[in-house]
Ligand SMILES: NC(=O)c1ccc[n+]([C@@H]2O[C@H](COP(=O)([O-])OP(=O)(O)OC[C@H]3O[C@@H](n4cnc5c(N)ncnc54)[C@H](OP(=O)(O)O)[C@@H]3O)[C@@H](O)[C@H]2O)c1
């Protein structure tokens with residue numbers, strides 16, 4: 001099927017592990033992607049940001065990157081003034097590290113470290129400027145062993161094993177997570193088919209962290225040693241019945 005390229009999607013954070021997967025998926029909906037290069041367009045200068053947005057004239061903005069709040073809010077304002085969609089990629093971490101499961105979009109957020117406070121403040125500021133931005137809260141990402149990005153759960157396993165000779169994993173922890181390839185497909189579908197809101201992306205409704213790492217060890221032949229530990233119950237699994245990220249692996 002040939003799809004006419006007629007829409008422009010502006011993507012930030014392309015050098016991370018998720019945005020490049022997302023670009024492949026949103027392209028299938030007929031978007032041509034423009035990548036925000038921070039070396040060329042300075043995200044610390046308001047005029048530069050506004051001029052660039054007016055030049056690119058995106059039909060969709062998908063914000064994966066970090067950076068100062070004003071960058072995010074200027075994009076949110078542009079989206080509002082030009083009646084286009086904007087998506088902010090957030091995290092399950094906004095709920096904090098004292099979760100007892102069954103998280104939904106109304107659950108209380110108690111961010112308790114710099115990263116989670118930054119992400120929650122970003123969400124709030126963006127929505128303060130434009131209540132029609134899609135907020136996508138996602139779990140810890142899994143990509144194959146070829147992806148050496150720090151945030152990849154597989155890379156975490158290899159790093160722990162390299163540094164400590166063992167990966168300790170709790171049998172009392174249940175984490176929101178997904179394979180990045182499945183996540184980005186679903187984000188693209190949600191953006192194209194649903195109205196703006198907070199959406200929660202998680203594939204794991206069943207297995208504890210120890211079992212999850214053992215399955216990844218086998219899947220990718222990582223040969224890392226994994227030790228089960230039993231510590232405080234922690235459960236940040238998110239539930240959102242509008243969102244269906246592939247989850248066969250986690251059953
Ligand atoms: N990976 C995960 O497991 C995970 C889980 C939950 C949420 N998330 C969220 O998903 C988004 C993408 O994550 P990711 O793992 O693909 O990549 P990442 O390593 O978290 O970084 C995202 C991108 O942000 C840009 N960036 C880095 N430092 C910056 C700074 N000081 N100012 C402005 N931009 C900066 C970089 O892209 P450029 O150099 O191309 O601009 C970087 O690749 C992030 O917002 C993250 O919070 C990720």
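For the reader, a short list of remarks on this structure follows.
- Degrees, to the nearest 10: 46-56 long Cα axis against longest axis of the chain: 80 degrees
- Rg ratio for the chain: its Cα radius of gyration over 2.2 N^0.38 Å, N being its residue count, equals 1.04.
- In degrees, nearest ten, helix 209-219 long axis to first principal axis of the chain (Cα): 80 degrees
- Residue 225 versus residue 251: modelled label distance in nm, points set 7 Å from Cα along the beta carbon direction: 3.5 nm
- Sorted largest first, the principal axis extents computed over the alpha-carbon atoms of segment 159-222 equal 47, 24, 19 Å.
- At an R0 of 30 angstrom, the distance between the Cβ atoms of residue 215 and residue 98 translates into a FRET efficiency of 0.70.
- The peptide list 188-201, 171-184, put in order of mean Cβ contacts within 10 Å with the highest first, becomes 171-184, 188-201.
- Length-normalised contact order of segment 49-144 in % [C-alpha pairs under 8 Å, at least 6 apart]: 33 percent
- In terms of the mean number of neighbouring beta-carbon atoms within 10 Å, the peptides 127-139, 156-168 order highest first as 127-139, 156-168.
- Calculated FRET efficiency for the pair residue 241/residue 83, C-beta based, R₀ 25 Å, to 0.05: 0.30
- Segment 1-73 - percent relative contact order, Cα under 8 Å, separation 6 or more: 43 percent
- Measuring nothing but how far apart in sequence close Cα pairs (under 8 Å, 6+ apart) lie, relative to its length, the chain scores a relative contact order of 20 percent.
- Axis of helix 180-193 versus longest Cα principal axis of the chain: the two differ by about 40°, to the nearest ten degrees.
- The chain - mean residue ellipticity at 222 nm from DSSP helices (-39,500 (n - 2.57) per run, n ≥ 4, rounded to 500): -10500 deg cm²/dmol
The numbers here are math on the coordinates, done by the rules we state, and not lab data. Computed from a predicted model, the values in this text were never measured in an experiment. Positions of Cβ are generated from backbone atoms using ideal geometry, with glycine treated the same way; all protein chains shown enter the neighbour counts.
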